[in-house]
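Have a look at the structure below before the remarks.
Coordinate-derived values only; no laboratory data. Just so it is clear, the model here is predicted, and its values are computed rather than measured. Neighbour counts are summed over all protein chains in view; Cβ atoms, including those assigned to glycine, are modelled from backbone coordinates with ideal geometry.
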Amino acid sequence: MKCTYIKTNKEQCKANSIVDTQLCFRHSPEHITRAYAASQKGGTNRSPSISFQEEITLRTPKDIQMLISKTINGIWQGKVPIKVGSTIGFLTRCWLDAHEKAEFEKRIEELEKSLQNSV
């Protein structure tokens with residue numbers, strides 16, 4: 001049986017009711033404290049709970065290489081969640097792309113200066 005609670009948007013709750021009652025766990029006055037605690041716990045479980053050592057500075061592709069190496073080893077050892085490793089992989093690819101573009105721009109500017117000086 002579905003919960004008979006009518007929400008503020010005038011829709012009926014779609015959750016199953018507790019056995020021998022008309023309301024679900026969320027809307028039962030008898031379970032309000034436990035429902036609130038479950039909501040808090042659910043929110044806590046979704047927040048990052050892992051801290052990876054100290055802050056790192058990424059200045060060169062070699063720094064990225066070391067970060068990826070540590071991340072791969074952490075995943076392999078079960079110390080780094082796969083989702084975190086995937087995110088680090090994506091972000092380091094973005095960093096490398098930006099670094100490469102900045103290096104090209106720098107080299108082009110240097111070539112343009114040297115051409116202007118030779119004229």
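Observations, loosely collected:
- Axis of helix 32-46 versus longest Cα principal axis of the chain: the two differ by about 20°, to the nearest ten degrees.
- Burial ordering of LEU115, LEU67, fewest other beta-carbon atoms within 10 Å first: LEU115, LEU67
- For the chain, cysteines whose Cβ has no other cysteine Cβ within reach (under 4.7 Å): CYS94
- Residues with amide H under 5 Å from that of ILE18, placed H, sequence gap 5 or more: LEU23, CYS24, PHE25
- Taking the Cα centre of the chain as origin and assigning +1 to Lys and Arg Cβ atoms and -1 to Asp and Glu Cβ atoms, the resulting dipole is close to 680 debye.
- Other residues lying with their Cβ under 14 Å from the Cβ of ALA15 contribute a combined charge of +3, Lys and Arg counting +1, Asp and Glu -1.
- Assigned charges on the beta-carbon of Lys, Arg, Asp, Glu; the range 61-118 dipole about Cα centre (debye): 440 debye
- Net length gained if the chain between VAL119 and LYS83 were fully extended (0.36 nm per residue, minus Cα distance): 7.5 nm
- Between helix 61-76 and the chain: long-axis angle, C-alpha atoms, 0 to 90°, nearest 10: 30 degrees
- Extension gain, LEU58-LYS106: 0.36 nm per intervening residue step, less the Cα-Cα distance, totals 15.4 nm.
- Lysine pairs with alpha-carbon atoms under 27 Å apart, the range 61-118, spacing 8 or more or separate chains: 9
- Our summary of shape: the Cα atoms of the chain have principal axis extents of 90, 39, 21 Å, ordered from largest down, in whole angstrom.
- Taking the helices alone, the chain has a mean residue ellipticity at 222 nm of -20000 deg cm²/dmol, built from -39,500 (n - 2.57) per DSSP H run of at least 4 residues and averaged over all its residues.
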